[in-house]
Amino acid sequence: MLIGVGLGPGDPGLLTLQAVDILQRANKVFVPGRLAQELVEPYSQPYMLEFPMTKDQAVLQSHWEKNADMVAGPARDGLVAFGLIGDPNFFSTFTHLRRIIQQRHPDISISTIPGISSITAFASRADIMMDTSFEVSDGSPLTDRIILKARRPREIINSLRQKGFEDFILAQRLFSDTEEIIKDQEKMPDKGDYFSLILARKRRE
Ligand SMILES: C[S@@+](CC[C@H](N)C(=O)[O-])C[C@H]1O[C@@H](n2cnc3c(N)ncnc32)[C@H](O)[C@@H]1O
């Protein structure tokens with residue numbers, strides 16, 4: 001089993017309790033760089049993988065495949081963690097690595113635990129408050145939107161459809177005993193909870 005573990009934005013005090021627990025229990029911990037290595041070291045002796053900075057696609061592909069195989073080996077027999085800066089599902093090395101492992105080793109079960117992302121953590125350091133809608137970009141096409149306080153899911157989804165969004169996920173009361181994650185469009189309720197959000201996604205090319 002492989003778990004992508006978010007290590008937070010760089011402060012050793014900003015790892016979650018779950019991150020520490022997984023790092024301590026894992027048989028092996030991999031990291032993609034020195035900052036992640038330093039954050040993991042109080043809890044485990046990590047192995048650093050090399051991700052070369054080159055535009056040569058053949059070199060890149062062979063490194064990614066080699067790294068995927070190195071992680072998949074021990075993950076087949078026990079608990080393996082891959083620790084990375086911020087959150088493992090936001091603009092992360094783990095997303096690409098995971099894709100290659102799934103192609104080459106479809107038997108490995110893979111999950112993630114969230115970390116504090118630079119996208120939210122920076123506001124505290126810069127002492128600014130975010131309370132209007134904003135865009136996060138790495139230069140790639142803008143495809144996704146997150147709607148908070150999704151009290152009227154069907155209405156919201158119908159309106160976003162007119163704007164070209166095609167896929168929707170409704171998440172309610174996340175991490176509680178009554179958590180609901182609805183991906184089936186037919187099952188979207190008319191009324192939502194206050195603790196709800198919708199991810200709306202345009203199809204990617
Ligand atoms: C590959 S992305 C990784 C994002 C990470 N998964 C996250 O959730 O924050 C790397 C980019 O995240 C941003 N970033 C990550 N950690 C940061 C930090 N401590 N301070 C400022 N920006 C940071 C920078 O824009 C950096 O180029």
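A few remarks follow.
- For segment 2-120, the relative contact order works out to 42 percent when only alpha carbon pairs closer than 8 Å and six or more residues apart are counted.
- For the chain, a Gaussian network of Cα nodes joined below 10 Å ranks V136, V80, V40 by mean-square fluctuation, and the top entry is V136.
- Stokes-Einstein D in µm²/s, Kirkwood radius over Cα pairs - segment 2-120 at 4 °C with 1.567 mPa s viscosity: 92
- Helix 57-77 and the longest principal axis of the C-alpha atoms of the chain enclose an angle of approximately 90°.
- For the chain, DSSP calls about 50 percent of its internal beta bridges antiparallel.
- Normalised per residue, the volume of the convex hull around the Cα set of segment 74-146 (Å³): 124
- Cα-based convex hull volume of segment 144-201 per residue, rounded to whole Å³: 69
- Kirkwood's formula applied to the C-alpha pairs of the chain gives a hydrodynamic radius of 18.9 angstrom.
- Point-to-point label distance, D144-D127, nm (Cα→Cβ direction, 7 Å offset): 3.2
- Label positions at Q162 and I119, each projected 7 Å from the Cα along the C-beta direction, are separated by 2.7 nm.
- P(r) for segment 74-116, from all Cα pairs and a bin width of 10 Å, is 26, 57, 17 %, short bins first.
- Tally of Lys pairs whose C-alpha atoms are under 23 Å apart, taken over the chain, 8 or more apart or cross-chain: 14
- Note on the chain: helix-only mean residue ellipticity at 222 nm, from DSSP H runs of 4+ residues weighted -39500 (n - 2.57) and normalised by residue number, equals -10000 deg cm²/dmol.
Readers should treat all values here as calculations from the given coordinates under stated rules, not as data from a laboratory. What you are looking at is a predicted structure, and each value in this text was computed from that prediction instead of being measured. Virtual Cβ from ideal backbone geometry, glycine too; neighbours counted across all protein chains shown.
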